[in-house]
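Everything below concerns the one structure shown next.
No lab work stands behind these numbers, since they all come straight from the coordinates. This is a predicted model, so every value here is computed, not measured. Cβ sites come from the backbone with ideal geometry, for glycine too, and all protein chains shown count toward neighbours.
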Amino acid sequence: MKRAIFYTIMLVALQISVGAIVMVIWNLVMGEDPNPKSNITCTIVTLTAVSLVTAAVFLLTKWTVVSPNWIRTRPWAVICWSAVAALGLLIPSLWVEEMMPELPNTAEEAFIGLVSTPWGYLVIGLMAPFVEELVMRGAVLRSLLKWHNNHWVGIAISAALFALIHMNPAQMPHAFVVGLLLGWMYYRTGSIIPGVVYHWVNNSVAFAVGHIAIALDPAGKGDVTLIQLFNSEPRVLMAVAFSLMMLLPALYQLNLRMKK
């Protein structure tokens, strides 16, 4: 447990320290305001640097141990069903989120900036899925599974930590649910690859929807409600039902095909 908390603290510390260093260097070299709210290029450079340094630290210290053994078994069906599960959970999760009281969205401005440029996909769609799985499943959850005999205890704690590191109340409910699913997938496979694929699909769809929303309404916030997307409540419910018809078979297939 102590090791899992240590890894989480190190992740946050690296984000803060590397981010601060990059912004200071940016200000000295470019002579521009490094404030993420006003300089999206600096934000992308900063987040990319944070991701690369974090991955390097966790791999070089062997806090996260990666192995090609699982992918050598050619688990293509698991990878495909992981992607289907990601697509299937998005709309039901958003629907539940819209039913809940509105939570503060502290990352709204940064998200708008990132999805407004294709370069933002480097951070949201590529860097975040790999680095977050590398740390939260490959290091944090791995240590928690050794700490407690009941794997669901470790999975639940890692999901809670995963939600907290987003430091954005609006994202936390979805992040916690996804964290449970990603933790289960890691427990069953011992690999971060299914989680990376799931995370990549989830973030890619979020980026695409936000990017299109900004393109259609530059003055908007990049977020689209289900009612706006489907035009009526019955269509929203149909979309939720259709998504569940993707999610539930995907979970069933993953349960069959992921070998512990």
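Counting only helices (runs of 4 or more DSSP H) that sit completely within segment 84-185, zero hold 1 or more residues that are touching a strand residue (DSSP E or B) at 6+ places or on another chain (Cβ under 7 Å), without any contact (Cβ under 8 Å) to a residue 24 or more places away in the chain and buried (at least 16 other Cβ atoms within 10 Å of the Cβ).
Counting just the residues of segment 233-260 that are touching a helix residue (DSSP H, G or I) at 6+ places or on another chain (Cβ under 6 Å) and over 15 Å from S93 (Cβ atoms), which one comes out surrounded by the fewest Cβ atoms within 10 Å (Cβ to Cβ)? So, considering only residues that are touching a helix residue (DSSP H, G or I) at 6+ places or on another chain (Cβ under 6 Å) and over 15 Å from S93 (Cβ atoms), the one surrounded by the fewest Cβ atoms within 10 Å (Cβ to Cβ) is K260.
Considering only segment 61-77, I want to know if a residue exists there that is surrounded by 20 or more Cβ atoms within 10 Å (Cβ to Cβ), touching a helix residue (DSSP H, G or I) at 6+ places or on another chain (Cβ under 6 Å), in contact (Cβ under 8 Å) with a residue 24 or more places away in the chain and part of a helix (DSSP H, G or I). So far as segment 61-77 goes, no, none of its residues is surrounded by 20 or more Cβ atoms within 10 Å (Cβ to Cβ), touching a helix residue (DSSP H, G or I) at 6+ places or on another chain (Cβ under 6 Å), in contact (Cβ under 8 Å) with a residue 24 or more places away in the chain and part of a helix (DSSP H, G or I). Can you confirm whether segment 39-51 contains a residue that is under 30 Å from T106 (Cα atoms) and in a loop (DSSP other than H, G, I, E, B)? Within segment 39-51, one or more residues are under 30 Å from T106 (Cα atoms) and in a loop (DSSP other than H, G, I, E, B). Of all the numbered requirements in (1) touching a helix residue (DSSP H, G or I) at 6+ places or on another chain (Cβ under 7 Å); (2) in contact (Cβ under 8 Å) with a residue 60 or more places away in the chain; (3) not aromatic (F, W, Y), V57 misses one, and that requirement is (2). A single entry from V22, V29 fulfils the requirement of being β-branched (V, I, T), in a helix (DSSP H, G or I), over 21 Å from the mean Cα position of the chain (by Cα) and over 22 Å from I165 (Cβ atoms): V29.
Of all residues assigned to segment 204-221, at least one qualifies as being over 22 Å from V65 (Cβ atoms) and among the polar types (S, T, N, Q).
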